[in-house]
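Okay, so here's the structure we're looking at.
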Amino acid sequence: MDILIKAAQLILALVILVTVHEFGHYIFARIFGVKVNRFYLFFNPWFSILRYNPMTNRLEFIAWNKQDGTPRSLANFKVGKPHEPRQNGRPTWRDTIYGLGWVPLGGYCDIAGMIDETKDATQLESEPQSWELRSKPAWQRLCVMVAGVVLNFILAICIYIGIAFHWGDDVVPFQAMTEGMDFSPEMQDAGFRNGDILQSLNGKTLDAKDYTIAWNMVQPGARIGILRNNKPAEIIIDEKLLRNLATKGSDYRPMTVRIPVYVAKTQNGDPAAIAGILAGERILTVGNDTTPTITEFMPALQRAKGTTVPMRIADADGRERMVDVAVSDGGKIGIQMLSPYKIFDHEMVRYSILQSIPRGWEIGTDQLKTYVSSLGLIFTKEGAQSLGGFGTLGDLFPSSWNWYSFWQITAFLSIILAFMNIIPIPGLDGGHTLFLLVEMITRRRPSDRFLEIANTCGFFFLILLLLYANGNDIYRFFIK
């Protein structure tokens, strides 16, 4: 069930991101009078789940074309009267076939007169028509090419604006985390110790509302100010830390908040209630183990399971007492622990719609900077090993449906999609953009044959990259 929920969130995110991206190409093509032959969500090798032709006004289910090009479908429905093309030849939205493919790996916008991985130069040997992309000025073709990337980034900003307006920021300042943090072995090798309280980054006070802190803290040369045993200290990060963390996967947490063991509630009949432990009290020791936080408390319970042990308890006024508590065979005493937001001082920041706009822009641009700065890691051994495909993307989502997390992750994926598409690799929007910029500078258009070869090479490179990334997922899941 967890896998299905993650998969459903990933597919919904892809539907939103791909539709917006391809709509960017579509709308600018239409603005400049370019015909769009097909607009598809997901890919449709051999057949489509749904296909709609506005000219015939028929909606087809399980639709395919025979070898002679004759359209066929399992079932089709007439949804209106057929239409005729415009007399002046200018294309309309009805000249586009809209469809839903069955392979959820992306989508496409088939623009007339454009050489991409689905066409070769021989298909464009006729004279350019006024409604084809190749007949338009270079600046218009450039707008069509970058429109998908631009709309993906705008979508991310809009989502972050919506998150800021609807949820605001509920944050616990790092300085208010009185028990400090627990750090992974990699972070401890870099100089951190469990219980360190984070104070500053490169001389600036840490702001818990900053979405990029976790990434910026592990950058080579970063200076982290901490409090250790109530004494200030500074840790300077070396380049090994980033490489070591890169191999750990997207769900790996290099640091977590140390949470004191405060009781939120007990259940009648369970050991804690029988021993007289009350809501709001703090558990300080379990047997001979001191348990300032959950980090020490849970292992101590496991060591004491099946026995009755003395526990030192402090009430809300700080008065301490000893009680004997029976620990179950499963290492439980029947308490629900208090949320960190009810233990530490926290700040709830609310934004009006006007305040949400700059906050959404700030988050979006910070996330873009963070992602761009991380790309150099891909060219290291550790970075290559950390590449993942759809399994890794699915793991980003929580195992239970949470709209806040869903929109956070969808916005970040939209930024990734925007930036990855603008990389100048033939077959991507960035490759087409590069050739158009060269044309605008040199005033010489690359030959159709050159574009065909370049896009084909880029397409196969992307397929190999896709296979490698998803192969990493398979290796990590089934073997490693």
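The values are calculated or read from the model by the stated rules, or taken from the named source; none is laboratory data. Just so you know, these numbers come straight off a predicted model, no measurement behind them. Heads up, the Cβs are rebuilt from the backbone with ideal geometry, glycines too, and the neighbour counts pull from every protein chain shown. When the accessible area is computed, the model is the full protein with side chains, heavy atoms only, and any ligands, DNA or RNA have been set aside. Shrake-Rupley method; radii C 1.70, N 1.55, O 1.52, S 1.80 Å.
What the table shows:
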quantity: Answer from Thr442, Thr433 - the residue that is surrounded by 14 or more Cβ atoms within 10 Å (Cβ to Cβ) and of a type in the set (Val, Ile, Thr); calculated: Thr433
quantity: Some residue of segment 92-111 being touching a helix residue (DSSP H, G or I) at 6+ places or on another chain (Cβ under 8 Å), in a loop (DSSP other than H, G, I, E, B), at pLDDT 90 or above and open to solvent by less than 30 Å² (accessible area, probe 1.4 Å); calculated: yes
quantity: Test: Ile357 is within 19 Å of the chain's Cα centre (by Cα), within 24 Å of Asp170 (Cβ to Cβ) and either modelled with pLDDT of 85 or more or open to solvent by less than 30 Å² (accessible area, probe 1.4 Å) (or both); calculated: no
quantity: Total residues in segment 264-280, condition of a type outside the set (S, T, N, Q) and either part of a helix (DSSP H, G or I) or crowded, with 20+ Cβ neighbours inside 10 Å (or both); calculated: 5
quantity: Candidates Phe192, Phe297, filtered to the one that is modelled with pLDDT of 90 or more, in a loop (DSSP other than H, G, I, E, B) and in contact with a strand residue (DSSP E or B) (Cβ under 9 Å, 6 or more places away or on another chain); calculated: Phe192
quantity: Enumeration of residues in segment 39-75 that are within 23 Å of Thr92 (Cα to Cα), buried (at least 17 other Cβ atoms within 10 Å of the Cβ) and either acidic (Asp, Glu) or in contact with an Asp or Glu (Cβ under 9 Å, 6 or more places away or on another chain) (or both); calculated: Phe39, Tyr40, Leu41, Ser48, Leu50, Arg51, Tyr52, Asn53, Pro54, Glu60
quantity: Hey, Gly162 over 27 Å from the mean Cα position of the chain (by Cα) and either surrounded by 16 or more Cβ atoms within 10 Å (Cβ to Cβ) or assigned to a helix (DSSP H, G or I) (or both) or not; calculated: no
quantity: Yes/no for Ser374 being among the hydroxyl-bearing types (Ser, Thr, Tyr), at pLDDT below 80, open to solvent by 40 Å² or more (accessible area, probe 1.4 Å) and more than 26 Å from Thr19 (Cα to Cα); calculated: no
quantity: Any hit, segment 177-187, residues being modelled with pLDDT under 90 and under 24 Å from the mean Cα position of the chain (by Cα); calculated: no
quantity: Residue in segment 212-229 that is open to solvent by 30 Å² or more (accessible area, probe 1.4 Å), of a type outside the set (A, V, I, L, M, F, W, C), modelled with pLDDT under 90 and in a helix (DSSP H, G or I) present; calculated: yes
quantity: Residue match in segment 311-323 (condition: in contact (Cβ under 8 Å) with a residue 40 or more places away in the chain, open to solvent by 40 Å² or more (accessible area, probe 1.4 Å) and among the hydrophobic types (A, V, I, L, M, F, W, C)); calculated: no
quantity: Boolean, Leu428 is without any contact (Cβ under 8 Å) to a residue 40 or more places away in the chain and either in contact with a Cys (Cβ under 8 Å, 6 or more places away or on another chain) or buried (at least 20 other Cβ atoms within 10 Å of the Cβ) (or both); calculated: yes
